[in-house]
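Dropping the structure in here first, questions after.
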Amino acid sequence: MNKTVFINTVNFLVLVLFQVVLFNHINFLGYINPYIYILFIVFFPYNKDNRIFFILCCFILGFCIDIFSDSGGVHAAACLVIGYLRPMMMRFVFGLSYDYYNIKIEKTHFGQRINFLLILILTHHLILFSLEIFSFAHIVLILKKTVFSAIFTLLLCLIFISLFSRRSS
């Protein structure tokens, strides 16, 4: 158990650091902003017994990004929503008989991995940009930022997952 806590703490710190120092400064064409920190939510070992702790970790993750980004809570809200919806997303992508705790994203089929990441990332980005812009008059801008940032975030997440799985095997 201590090894899992240590690994999750290191993942949390490294992803927040990368996001704040490197990825927050990428703003390509005004639409593309990668949010790699959501990999913490993807990799976090989940079971029904630690659901409240998991959602609290999601909030703290988003809150840390909000503090460093001065973004007023939009990251915390988006992380809370995807943290809450993650079990339903996993059930939808991996089927009814998946095991919450033992599923490892790097060991899943490539199609399932892309589907899960895409659903998670699109949900996160749609909530994030909707709250950030907060205007129905700018729905096209919200959708553009959501789609283009999601594509870039998905590519980076797949790269990070492949690097992580090669390192661990």
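Please treat every number below as a calculation from the coordinates, not as lab data. Keep in mind it's a predicted model, so treat the numbers as computed, not measured. Neighbour counts are summed over all protein chains in view; Cβ atoms, including those assigned to glycine, are modelled from backbone coordinates with ideal geometry.
Give me Ser71, Ser162, Ser130, Ser149 sorted ascending by neighbouring Cβ count inside 10 Å, so fewest comes first.
Values: Ser71 16, Ser162 13, Ser130 20, Ser149 24.
Going from least to most buried by this count: Ser162, Ser71, Ser130, Ser149.
If you line up the long axis of helix 74-94 against the longest principal axis of the chain, both from Cα atoms, how many degrees apart are they, to the nearest 10?
50
Estimate the FRET efficiency between Asn115 and Leu163 by the formula 1/(1 + (r/R0)^6), using the beta-carbon distance for r and 22 Å for R0, to the nearest 0.05. Mind showing how you got there, number by number?
On the way: r = 21 Å, r/R0 = 0.94.
Efficiency for this residue pair is about 0.60.
How many lysine pairs in the range 1-155, separated by 8 or more positions in sequence or lying on different chains, have Cα atoms less than 21 Å apart?
Working: Lys3/Lys48; Lys3/Lys104; Lys3/Lys107; Lys48/Lys104.
Close lysine pairs under the 21 Å cut-off: 4.
Still on this structure, please answer the following. Counting each pair of different Cα atoms once, what's the Kirkwood radius of the range 1-69 in Å, rounded to one decimal?
Numbers: mean 1/r = 0.0773 Å⁻¹.
Value: 12.9 Å, from the Cα pair sum.
Rounded to the nearest whole Å³, what is the per residue volume of the convex hull around the Cα atoms of the range 76-164?
Enclosed volume per residue, from the Cα hull, is 102 Å³.
Strictly under 4.7 angstrom between C-beta atoms: which cysteines of the chain have no such partner?
Those would be Cys57, Cys64, Cys157, since no other cysteine Cβ in the chain comes under 4.7 Å of theirs.
Take every Cα pair under 8 Å in the chain that's 6+ residues apart, average their separations, divide by the length, and report that relative contact order as a whole percent.
Numbers: 165 pairs, mean separation 41.4, N = 169.
For the chain, the relative contact order is 24 percent.
If packing is taken as the average count of other Cβ atoms within 10 Å, what order do 40-47, 136-143 fall into, highest mean first?
Working: 40-47: 17.9, 136-143: 12.0.
Put in order of decreasing packing, that is 40-47, 136-143.
Given +1 on the Cβ of Lys and Arg, -1 on the Cβ of Asp and Glu, and no further charges, what dipole in debye does the chain carry about its Cα centre, rounded to the nearest 20? The partial results should precede the final answer.
Values: 12 positive and 6 negative charges, 102 e Å.
Using only the charged Cβ atoms, the result is roughly 480 debye.
Still on this structure: For the residue pair Phe92 and Phe68, what label-to-label distance in nm results when each label sits 7 Å from Cα along the Cα-to-beta-carbon direction?
2.9
Relative to the longest principal axis of the chain, what angle (0 to 90°, nearest 10) does the C-alpha long axis of helix 139-168 take?
That works out to roughly 30 degrees.
Give the shape of the range 28-111 as rounded, prolate or oblate, defined through the alpha-carbon gyration tensor: a ≥ b ≥ c are the square roots of its eigenvalues, a/c under 1.5 means rounded, and otherwise the shape is prolate if a/b is larger than b/c and oblate if not.
Oblate.
Let me ask something else about it. Please give the contour-minus-distance gain from Leu155 to His138: 0.36 nm per residue of separation, less the Cα-Cα distance, rounded to one decimal in nm.
Working: separation 17, 0.36 × 17 = 6.12 nm, distance 2.60 nm.
Full extension of this stretch gives 3.5 nm more.
Applying the Karplus parametrisation 6.51 cos²θ - 1.76 cosθ + 1.60 with θ = phi - 60° to the phi angles of the range 24-31, what ³J(HN,Hα) value in whole Hz is obtained for each residue in order, glycine and proline being reported as x?
Couplings: 5, 8, 9, 9, 8, 6, x, 10 Hz.
Taking the Cα atoms only, what angle lies between the long axis of helix 110-133 and the longest principal axis of the chain, rounded to 10 degrees?
40
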